[in-house]
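First the structure, in the form of structure tokens, and then the observations on it.
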């Protein structure tokens, strides 16, 4: 992975009448990233992606892809990019092969060998000549990714690719995204409203809410930064309470909630806290870190209304 940003947004904004769907958004995605783009439904994720792909013109700001302005050098900027926005659409009565041939014609013609290659990559080669109407939802999502890969892009932009999938379908898409980055040298920009999905595949991420950037950085650093809420279950309860109260340098605060303690602890102190409890005879049933970023994201999600 290099330090070259291949996608940058520069004070990117989009206003619909009096409402800003995206406001002064500044993102940097580097070559080799799986970049998670998080936000509750209605946060402005799809509008942002539409601007990245030049499907919607920004009100202000710009997008730079591979050093080229999408506004001024559209063809050159988008030549190495493939993407799907929201739910991919197909001619349901036609086969996957024919659908991709039609899309390929928009790229100036794609050899049938390349279509077979991308269908094999997404696990649909054996169903290439079946009508898309016979496909499951997960298969249609994978066909959408195949469509985005037709021109062998360096950057793949995926908008909620696991939306509506069952656990098996979600796992298949997750493994495909990892394969694209690890084995196919693709940079992946992945939009989602699920922190757990982004945590499993992304190395860098950003959270937006109501069109504004909330936080951006490496996933591991964001998840481990600052204070953490730790849920502690064990016995005897009185001893746990005493130990938590006696370690104010380690435990910022704690409270009793039904049958468990909720303690606020810096991430680096969690192992020492567990050792302290065990050493003092506490029979621990569970110690569950609740990451500050997860709490923060959930608070955004739960407090947001449809915009």
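The values are calculated or read from the model by the stated rules, or taken from the named source; none is laboratory data. What you are looking at is a predicted structure, and each value in this text was computed from that prediction instead of being measured. Note that we place each Cβ from the backbone using ideal geometry, even for glycine, and neighbour counts take in every protein chain shown.
A few points about this structure:
- Applying a threshold of 6 Å to beta carbon distances and a minimum spacing of six or more residues, or different chains, the list of pairs starting in segment 119-130 at a residue that is without any contact (Cβ under 8 Å) to a residue 12 or more places away in the chain and ending at one that is in a helix (DSSP H, G or I) and surrounded by 18 or more Cβ atoms within 10 Å (Cβ to Cβ) reads 125/119.
- When the helices (runs of 4 or more DSSP H) confined to segment 224-307 are screened for residues that are at pLDDT 90 or above and outside the structural domain of residue 210 (by TED's automatic domain parsing), those reaching at least 2 such residues are found at 237-246, 270-279.
- Applying the criterion of at least 2 residues that are out of contact with any helix residue (DSSP H, G or I) (no Cβ under 9 Å at 6 or more places or on another chain) to the strands (runs of 3 or more DSSP E) found wholly in segment 1-65 leaves 5-16, 19-25, 28-30, 60-65.
- The residue list 104, 138 contains one member that is over 27 Å from residue 193 (Cα atoms), in a helix (DSSP H, G or I) and touching a helix residue (DSSP H, G or I) at 6+ places or on another chain (Cβ under 9 Å), which is 104.
- Failed item in (1) within 27 Å of the chain's Cα centre (by Cα); (2) surrounded by fewer than 13 Cβ atoms within 10 Å (Cβ to Cβ), with residue 257 passing the rest: (1)
- Qualifying residues in segment 219-235 (those that are touching a strand residue (DSSP E or B) at 6+ places or on another chain (Cβ under 8 Å) and exposed (fewer than 14 other Cβ atoms within 10 Å of the Cβ)) - the one farthest from residue 279 (Cα to Cα): 226
- Residue check for residue 29: within 12 Å of residue 192 (Cβ to Cβ) and either touching a strand residue (DSSP E or B) at 6+ places or on another chain (Cβ under 6 Å) or modelled with pLDDT of 95 or more (or both): no
- Boolean, residue 14 is in contact (Cβ under 8 Å) with a residue 12 or more places away in the chain and buried (at least 19 other Cβ atoms within 10 Å of the Cβ): yes
- Boolean, residue 211 is touching a helix residue (DSSP H, G or I) at 6+ places or on another chain (Cβ under 9 Å) and in the same structural domain as residue 60 (by TED's automatic domain parsing): yes
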